[in-house]
Amino acid sequence: MRVEVDPDRCVGSGNCELLAPDVFEVGDDGVVRVLRPRLGEADEDAVRDAVARCPTGALGLAE
Ligand code: SF4
């Protein structure tokens with residue numbers, strides 16, 4: 001599973017970084033970066049939660 005980000009929709013709220021800090025990091029520019037786009041099983045629950053809680057729908061999952 002892979003996580004995708006639409007940087008134009010990210011407002012830098014940091015929810016995703018709080019929920020999955022191994023996968024997401026909000027940069028100094030206020031836009032999230034994906035540290036590990038290809039997810040392991042251990043990441044999946046936290047990342048699904050982060051995707052669901054992104055206030056702008058900037059995150060998505062793909063196979
Ligand atoms: S939760 Fe969404 S809007 Fe907030 S930093 Fe992450 S991707 Fe950006």
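Modelled label positions at Leu35 and Leu18, each set 7 Å beyond Cα in the direction of Cβ, lie 1.7 nm from each other. The length gained on full extension between Glu25 and Asp49, counted as 0.36 nm times the residue separation minus their Cα-Cα distance, comes to 7.1 nm.
Averaged per residue, the chain has 61 square angstrom of accessible surface, using a 1.4 angstrom probe with ligands and nucleic acids left out. The orientation-averaged projection of the convex hull spanning the C-alpha atoms of the chain amounts to 3.6 square nanometres.
Of all the accessible heavy-atom surface of the chain, with the other protein chains kept in place and a 1.4 Å probe, what percent is carbon and sulfur? Within the chain, the accessible surface is 45 percent carbon and sulfur.
The values are calculated or read from the model by the stated rules, or taken from the named source; none is laboratory data. No experiment lies behind these values; they were computed from the predicted model shown. Quick reminder, even Gly has a Cβ in these numbers, built from the backbone with ideal geometry, and neighbours come from all protein chains shown. Each accessible area value is taken on the protein alone, full model and side chains, heavy atoms only, with ligands, DNA and RNA left out. Shrake-Rupley method; radii C 1.70, N 1.55, O 1.52, S 1.80 Å.
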